[in-house]
Amino acid sequence: MNNKIKYLYCCLLGLVTLVACEKKYDYTAVYETDLSAKTNIKVFLSTLNASRNYVYVGTTPLTGTTMSYAGTSVFPAGSAYSAIASGSVNLVIKDTLATTTQLPLSLTANFEAGKFYSIFTYDTLTAAKYKIVTDEIVVPADTSIRFRFANLFYSSTPVTGVDVFSWKANAKIATNVLTNDVTAFTNHPFRSDTLYIRAAGTTSPDLVKLFYSGFTSQRSYTAILRGRYQNSGTQAVPRTMTIYNTY
């Protein structure tokens with residue numbers, strides 16, 4: 001066998017060896033398409049001045065980005081919900097910073113398969129509380145939108161509930177919404193309006209006034225009232241109303 005043939009033979013032998021030793025990788029993505037056994041949750045963070053908050057299912061992180069009172073305060077964003085295993089579920093909402101003064105909020109509740117839930121946090125960093133509401137998914141048959149109101153104003157002393165007055169309807173669209181209460185969704189025909197929040201039974205002053213526009217028909221929105229009710233003193237946190245696209 002001459003040198004040229006020997007060289008070609010060695011090359012061929014090496015190629016066969018490489019092919020034989022080649023690893024096989026499976027790049028097929030695995031998708032979970034059957035969500036019938038899952039429950040669906042959305043978290044609204046309204047604990048005063050909370051920052052660097054993450055949501056855990058037990059010890060497993062659910063959120064990958066930070067939630068904060070002054071920043072992104074809803075998870076998931078937009079009209080999405082997070083699908084998790086149904087049944088008795090322990091959720092922990094906490095600040096992961098070692099020096100934080102915020103106490104972890106741990107809650108365990110039974111979440112039914114196929115249902116949708118909103119979890120609202122409120123109160124202060126050292127006394128955070130929560131409220132779980134079942135969301136009824138209903139799409140209006142007309143071009144209206146749906147609204148609900150969460151009165152999460154903070155006050156260290158008892159205060160009255162609030163009324164929500166619609167400028168376009170020239171009427172109240174929610175009455176005597178008590179502190180830490182959440183109304184049911186109701187249809188509202190106007191996709192732009194000015195809403196006035198006032199102490200129940202009064203016509204002034206306005207605790208909060210908010211103009212909104214550009215909403216999408218047949219969608220549902222959650223308006224959360226946050227901040228310190230008295231809005232005064234060294235611990236003042238301005239009263240606000242933030243509207244979220246719920247679904």
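The values are calculated or read from the model by the stated rules, or taken from the named source; none is laboratory data. Since the structure is predicted, the reported quantities are computational estimates derived from the model, not experimental observations. As a convention, Cβ positions derive from the backbone with ideal geometry for all residues, glycine included, and neighbour counts pool all protein chains shown. When the accessible area is computed, the model is the full protein with side chains, heavy atoms only, and any ligands, DNA or RNA have been set aside. Shrake-Rupley method; radii C 1.70, N 1.55, O 1.52, S 1.80 Å.
Given the C-alpha centroids of segment 143-187 and segment 208-230, what is the distance between them in whole angstrom?
10 Å
So how much accessible area does T96 have, in Å² to the nearest 10, using a 1.4 Å probe?
Around 60 Å² of this residue is reachable by solvent.
Local charge sum around N53 (other residues, Cβ-Cβ under 15 Å, Lys/Arg +1, Asp/Glu -1)? Write out the running numbers ahead of the final one.
Working: positive: K42, R52, K94, K129, R226; negative: D95, D123.
Charge balance near N53 sits at +3.
Can you tell me, using C-alpha contacts under 8 Å and at least 6 residues apart, the relative contact order of segment 129-193 as a whole percent?
41 percent
Treating only the Cβ atoms of Lys and Arg (+1) and Asp and Glu (-1) as charged, compute the dipole magnitude of segment 78-181 about its Cα centre; round to the nearest 20 debye.
100 debye
Where both partners of a DSSP beta bridge lie in segment 109-247, what percent of those bridges are antiparallel, to the nearest 5?
The antiparallel fraction comes to roughly 80 percent.
Would you mind working out the magnitude of the charge dipole of segment 134-247 relative to its Cα centre, with +1 at each Lys and Arg C-beta and -1 at each Asp and Glu C-beta, to the nearest 20 Debye?
Its charge dipole is roughly 240 debye.
Explain nothing, just the number: dipole magnitude of segment 168-226 about its Cα centre with +1 on each Lys and Arg Cβ and -1 on each Asp and Glu Cβ, in debye rounded to the nearest 20.
The calculated dipole for segment 168-226 is roughly 120 debye.
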